[in-house]
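Colleague: Below is the structure I would like to discuss, written out as C-alpha cells.
The values are calculated or read from the model by the stated rules, or taken from the named source; none is laboratory data. All of these numbers come straight from a predicted model, not from anything done at the bench. Because the Cβ atoms are built from the backbone with ideal geometry, glycine has one as well, and the counts that use them run over all protein chains shown. Accessible surface areas use protein heavy atoms only, side chains included; no ligands, DNA or RNA. Shrake-Rupley method; radii C 1.70, N 1.55, O 1.52, S 1.80 Å.
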Amino acid sequence: MKHHTQRPARDLYQETTDRIIAAIEAGAAPWRCDWLQSGLPRRSTGQTYRGVNILLLGMSAAAQGFTNPHWITFKQAQELGGNVRKGEKGTGIIFFKTLARDAEEGDKRADENGQIHIPCLKGYTVFNVEQCEGLPASRFPAPAVLDRDPLERDHWAEAAMRSCGAVIREGGEAAFYLPAMDYVQLPDFQRFRTVPGFLATMAHELVHWTGAKHRLARDQEGGFGSLRYAAEELVAEIGAAFIGARLGFVGDHIESHAGYIDHWLKILRGDKRAIFRAAAAAQAAADLVLQKADPADFEHQDEAEAAPTIAQLALL
C-alpha cells in the first residue's frame with residue numbers, strides 16, 4: 001500500500017522575502033533597477049501590478065533583460081493563439097484575494113449579510129511576453145520612449161508630483177522633509193548631475209511627506225541610524241521607484257550607502273512580512289502623491305490590480 005506524503009504548504013512570505021534579500025545582497029535591489037524605464041509591469045488586460053508584485057516582476061525583468069512590461073500566464077498565452085517558448089522559466093508572483101464565509105453567531109467581523117471576509121495570499125506563475133511566441137503583436141506593444149531633453153527641467157513630471165500640494169522649497173545642499181514645519185527641502189536644481197536624479201530625490205522626499213500624522217500616519221519617530229529610521233527610508237526608496245515608474249523616469253537614489261543596506265537586510269531577515277508592509281506603504285504613498293495629477297499626465301489610466309493594504313496584511 002502506497003503512502004502519499006502531503007506536500008508542506010508554501011510560505012509565500014518567506015519565499016518572497018528570500019528573493020528580495022538575495023537581490024539586495026547581489027547589489028540589485030529591485031527599486032533601483034533599470035526595469036523602471038519600461039514603466040509599471042502590466043497584466044494581459046493592461047492592468048498595472050501593485051505593491052510587492054512590482055518588485056518581484058522588476059527583479060525578473062532586470063535579470064533577464066526584458067523591456068516589454070506585459071506579463072501573462074501559460075494559459076493566457078494559449079488562449080491568445082500563442083505559447084510560451086519551450087524551456088522558458090516563469091516568474092512567481094503573489095495573488096491577493098478575499099474569501100467570504102458565513103460568520104459564527106456573535107462574530108464582530110460579520111458584515112450586514114452575516115459574512116466575514118478573509119484576506120489570503122496565493123502564488124502563481126507568469127511569463128513576460130518576450131518569453132512567448134505567436135502572440136498578436138498589437139496586443140502587447142513595446143513601451144513608448146518619452147522624448148525629453150536630458151538637460152532641461154522636466155516640468156511635466158514635476159507638475160504631476162507637485163499636484164499633491166506639498167510645500168517644496170529649493171536651495172542649499174540638503175534634501176529632507178521637515179515634519180515640524182511640514183515642508184520638503186530640495187537642493188538647488190543645478191547641484192544635481194541629472195534631471196532624473198532631481199526628480200527621484202523629489203519623489204523620495206514627497207513619500208516622507210505622505211507619512212505625516214495627518215496623512216498616512218507612518219512611524220517616523222526613529223532617529224538617524226535606527227532600524228525604525230531605516231524602515232521609513234525603505235518605504236521612501238520603494239515609493240520613489242513606484243512614482244518614477246509611473247511618470248517614466250529613473251534616477252539616482254539618495255540613500256544607497258552600506259549602512260542603509262545592512263539595516264534593510266536586518267529588517268527583512270527578522271520579519272518575513274516586512275517587505276510586504278513596506279511595499280504596501282510605498283504604494284499608498286505613491287498613490288497619495290499622484291492622486292491629484294492631471295490624468296493627461298499619464299500614458300495609461302487602466303484599473304490597477306487589487307493589492308492588500310497594510311491593515312489587511314495584519315489579518316493574513
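Colleague: Looking only at the range 58-75, decide whether some residue is part of a helix (DSSP H, G or I), buried (at least 20 other Cβ atoms within 10 Å of the Cβ), modelled with pLDDT of 90 or more and of a type in the set (Val, Ile, Thr).
Modeller: no
Colleague: Looking for whichever is open to solvent by 50 Å² or more (accessible area, probe 1.4 Å), over 22 Å from Ala231 (Cβ atoms), at pLDDT below 95 and not in a loop (DSSP other than H, G, I, E, B) here; the options are Ala306, Ala296. Which one fits?
Modeller: When all the criteria are applied, what remains is Ala296.
Colleague: If you go through the range 82-94 one residue at a time, how many are of a type outside the set (D, E, K, R), assigned to a loop (DSSP other than H, G, I, E, B) and either open to solvent by 60 Å² or more (accessible area, probe 1.4 Å) or closer than 18 Å to Pro30 by Cβ (or both)?
Modeller: Total satisfying the criteria: 2.
Colleague: To continue, here is another question. As an exercise: evaluate Leu216 against (1) in contact (Cβ under 8 Å) with a residue 40 or more places away in the chain; (2) open to solvent by less than 20 Å² (accessible area, probe 1.4 Å); (3) under 24 Å from Asn53 (Cα atoms) and give the number of the one condition it does not meet.
Modeller: (2)
Colleague: Somewhere in the range 245-261, is a residue outside any helix (DSSP H, G or I), out of contact with any Ser or Thr (no Cβ under 6 Å at 6 or more places or on another chain) and modelled with pLDDT of 90 or more?
Modeller: Among the residues of the range 245-261, not one is outside any helix (DSSP H, G or I), out of contact with any Ser or Thr (no Cβ under 6 Å at 6 or more places or on another chain) and modelled with pLDDT of 90 or more, which makes the answer no.
Colleague: Out of curiosity, is Arg193 within 21 Å of Phe249 (Cα to Cα), open to solvent by 70 Å² or more (accessible area, probe 1.4 Å) and modelled with pLDDT of 95 or more?
Modeller: Considered against the rule, which asks whether it is within 21 Å of Phe249 (Cα to Cα), open to solvent by 70 Å² or more (accessible area, probe 1.4 Å) and modelled with pLDDT of 95 or more, Arg193 comes out as no.
Colleague: List pairs: first residue in the range 110-123 and under 26 Å from Asn53 (Cα atoms), second residue open to solvent by 40 Å² or more (accessible area, probe 1.4 Å) and aromatic (Phe, Trp, Tyr) anywhere in the structure, Cβ distance under 6 angstrom, at least six positions apart or on different chains.
Modeller: If the second residue must be open to solvent by 40 Å² or more (accessible area, probe 1.4 Å) and aromatic (Phe, Trp, Tyr), the pairs left are Lys122/Phe95.
Colleague: Do we have any residue at all in the range 152-164 that's free of Cβ contacts under 8 Å to residues at least 60 places away in the same chain, open to solvent by 50 Å² or more (accessible area, probe 1.4 Å) and aliphatic (A, V, I, L, M)?
Modeller: Looking through the range 152-164, none of the residues is free of Cβ contacts under 8 Å to residues at least 60 places away in the same chain, open to solvent by 50 Å² or more (accessible area, probe 1.4 Å) and aliphatic (A, V, I, L, M).
Colleague: Within the range 193-208, identify whether any single residue is under 20 Å from Leu288 (Cα atoms) and among the small types (Gly, Ala, Ser), and answer yes or no.
Modeller: Checking the range 193-208: at least one residue is under 20 Å from Leu288 (Cα atoms) and among the small types (Gly, Ala, Ser).
Colleague: Yes or no: Asp182 at positive phi, among the charged types (D, E, K, R) and either buried (at least 22 other Cβ atoms within 10 Å of the Cβ) or out of contact with any Pro (no Cβ under 6 Å at 6 or more places or on another chain) (or both)?
Modeller: Against the criterion (at positive phi, among the charged types (D, E, K, R) and either buried (at least 22 other Cβ atoms within 10 Å of the Cβ) or out of contact with any Pro (no Cβ under 6 Å at 6 or more places or on another chain) (or both)), Asp182 qualifies.
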